[in-house]
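Novice: My questions all concern the structure below.
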Amino acid sequence: MSAMSPVPRMSAEAATFADTLDGLDVGLCLVDAEARLIHANTAGRDMIEARDILHEIRGHLAACDPTVNRTLQHFFAAAGQENAFLGADGIAVPMIGRDGKRHVAHALPLTSGARRLGGVAYSAVAALFVRRAALTIPPRSEVIGKAFKLTPTELRVMLAIVELGGVPEVAAALGVANTTIKTHVRRLFEKTGAARQADFVKLVAGYATPLRKSAECRQSVGATR
């Protein structure tokens, strides 16, 4: 009797990779240079079907907001050329749904080597992570506070701006005067080097990206071995 044929290594890796992506609590879409949707995890597919911040047009991924969509399309095209200018950290883009809820999209380029090792379809050139901006202090936010020497109140104001988007809204949510929030914002500009409130979204998204977190976890595990 002939021996059973082994399962192809790449197929097994691809299946494991897909299962891992479905376990993420953020939307994730893998696209090629022309924004064709190669894969979406469960959360990503739900976002696309909701057609609130993302949608699919004849197999191509697009943002509902035209300005955001242009930014992402340009990024995907550059990622397809493995443009070094993009950097490993990619870009963070604020997004607002039709219901007014705020999200953060983080686009990362995928190198050819990373695509092979991860078992991802080789045509995918970029990964788009999309998460809802949360007013509650997220895990690892203390890292931001320590990095920029923020007080607990300053950190809370920054995260509230990411979630709510403006001084009046933040002041109302925190139950303080507009002038108080403006004072905190000025201090945040000085400490972080940000030039405008929208930069806070990019800063927070950069620290919150799941790939950074995963990389740090792997480093911690490696250090304990």
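Novice: Full-extension gain between Glu142 and Glu82, please, as 0.36 nm times their residue separation minus the C-alpha to C-alpha distance.
Specialist: 18.3 nm
Novice: In nm, to one decimal, how far is the modelled label at Arg196 from the one at Thr67, with both set 7 Å along Cα→Cβ?
Specialist: 0.7
Novice: Given R₀ = 22 Å, what would the calculated FRET efficiency be for Glu169 paired with Tyr207, taking r from the Cβ atoms and rounding to 0.05?
Specialist: 0.45
Novice: Sticking with this one: Near Phe189, within a Cβ-to-Cβ distance under 15 Å, what is the net charge of the other residues, with Lys and Arg +1 and Asp and Glu -1?
Specialist: Net of charged neighbours comes to +4.
Read-outs: derived from the displayed coordinates by stated rules, not from any lab. This structure is a prediction, so every number in the text was calculated from the model and none was measured. We place every Cβ from the backbone using ideal geometry, glycine too, and count neighbours over all the protein chains shown.
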